[in-house]
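Read the structure below first, then the notes.
The values are calculated or read from the model by the stated rules, or taken from the named source; none is laboratory data. None of the values given here were measured: they were computed from a predicted structure. Counting neighbours? That spans all protein chains shown, and the Cβs are built from the backbone with ideal geometry, glycine included.
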Amino acid sequence: MPWPGTAPFPGFCRPCSGNLYSRCRCFNAACARGAPCGDSLALKGTLATMALPDLLQWLAGAGKTGSLCLANEHFKKEILFRDGVIVASSSDDPREFLGQFLLAHRKITEEQLRKAMESQRSTGVMLGKILVMVGAVDEAEISEMLTLKAEESLFNLFLWKRGSFTFEDGNIETEIEFSLTLRVEDVLMEGLRRYDELQVILKAFAPGESVLERTDAPLPRKLAESSEVRRLLEVVDGKRTLTDLCLELHAPEFRVSRIAYELFRLNCLRLVKPPDHGGDNDQHGLSADELVARATRLLDRQKFEKALQLLANAVQLRPSDLAMRQALDDAEQRFVERAHQHYLPPDKVPRLERSLEQMTNENLTPQEVFLATRINGTWTVKDIITISPMREVETLLVLKHLRERGLISLGET
């Protein structure tokens, strides 16, 4: 069963494209229901009161067996421990789904992922097996990608600024279809190294909104031979932000920022002024309860975009408040259902009302640019959600905004 807000229409479960090698599944039954990870928890708190390294070291040192669930205002992850060793992980971050990971490593194309996901919805066969059956990848590549994907998901936890956790002590009552054997010491070493590296990058530029352009400086031979470097330079144009580049490459922000920083350090890229998309400061200084009250009033008026942002900010202020997190999940689910019923039926085909060239003066966000370039007059709303590295609720919000601005329309298949 998917996380809350991820299965708005029958037969389509968003996390199926990435939960290990299997059908969509959360290891902990309570987590799969979208509820807190059990009522008889041995340990719960926030990453501000117990830092992630301390938490992992405690679980390893005590030789714990059980399920560790972590959540921030956007994503949930789960780590399974057996005798203090990490044996499996799961995430509802679309960028960490198997399909997105294969796209990022150029193992498959977006069209291959779309077709494989369509087949999975109709047959129930696991995504990895489908891709092997059609010859897109082989078993060895799937196994390698699953291992790397699980490790990346764990390491990226060290880059979270805030979050809450719950650990349920006890036997793991599920079959693990793709098992890991990761020592906490190794995870800590790599995770903390990435955290330190990110602090260095942040001193040079802000990863999200920074815009880089190519210089005339020659690439060192070792970098020139890197496929990741070549892919990044293909899409760097002096206009796209790093967020744009991450979406285009289907890659996590840290990985793209690390390559960009190395090229920046070698003067192969230079920083240009980032665009200003404006901001909303009328919520500064408000308490979590005040944010929720405002969001509730906005939801009653069907003002979903602003309401969801206020609820996400409230969760940031109170990351350990499970009721507040549930309120955000419920609001997202409510929007997804309404969007598919009224604004963006899953089987409708979005079409551009202007050419991409004509839309360059529309001051589009990175997310709007990414989705606009995927609207080809053939793919349905459901198809675009499938290949998008954004969460379903985010994808629908962006498509709704494009439609309200008259930049896209909907037609029949």
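Of all residues in the range 163-217, how many are within 30 Å of THR241 (Cβ to Cβ) and not in a loop (DSSP other than H, G, I, E, B)? Please lay out each step first, then the result.
First pass over the range 163-217, keeping only residues within 30 Å of THR241 (Cβ to Cβ): 163-164, 190-217.
Those left that are additionally not in a loop (DSSP other than H, G, I, E, B): 164, 190-204, 211-214.
Total meeting the criteria: 20.
Taking helices (runs of 4 or more DSSP H) as the structural unit, those lying wholly within the range 321-413 and holding at least 1 residues that are at pLDDT 95 or above and surrounded by fewer than 18 Cβ atoms within 10 Å (Cβ to Cβ) correspond to 322-338, 392-404.
Kindly establish whether ARG95 is surrounded by fewer than 18 Cβ atoms within 10 Å (Cβ to Cβ) and touching a residue at least 60 places away in the same chain (Cβ under 8 Å).
Details: surrounded by fewer than 18 Cβ atoms within 10 Å (Cβ to Cβ): no; touching a residue at least 60 places away in the same chain (Cβ under 8 Å): yes.
No; evaluated as a whole, the condition is false for this residue.
Residue selection: LEU157 fails the criterion of being surrounded by fewer than 18 Cβ atoms within 10 Å (Cβ to Cβ) and within 22 Å of the chain's Cα centre (by Cα). If the condition is being touching an Asp or Glu at 6+ places or on another chain (Cβ under 8 Å), touching a residue at least 60 places away in the same chain (Cβ under 8 Å) and not basic (Lys, Arg), then the range 55-74 contributes ALA60, THR65, GLY66, SER67, LEU68, CYS69, LEU70, HIS74. How many residues does the range 69-88 hold that are farther than 24 Å from GLU332 by Cα and surrounded by 23 or more Cβ atoms within 10 Å (Cβ to Cβ)? Qualifying residue count, the range 69-88: 3.
Counting only residues that are out of contact with any Lys or Arg (no Cβ under 9 Å at 6 or more places or on another chain) and either aliphatic (A, V, I, L, M) or at pLDDT below 85 (or both), the range 138-170 holds 5 of them. Whenever a residue of the range 217-233 is under 14 Å from ALA260 (Cβ atoms), its partners that are part of a loop (DSSP other than H, G, I, E, B) and not charged (D, E, K, R), lying with C-beta atoms within less than 7 angstrom and at least six residues away or across chains, give the pairs LEU219/CYS268.
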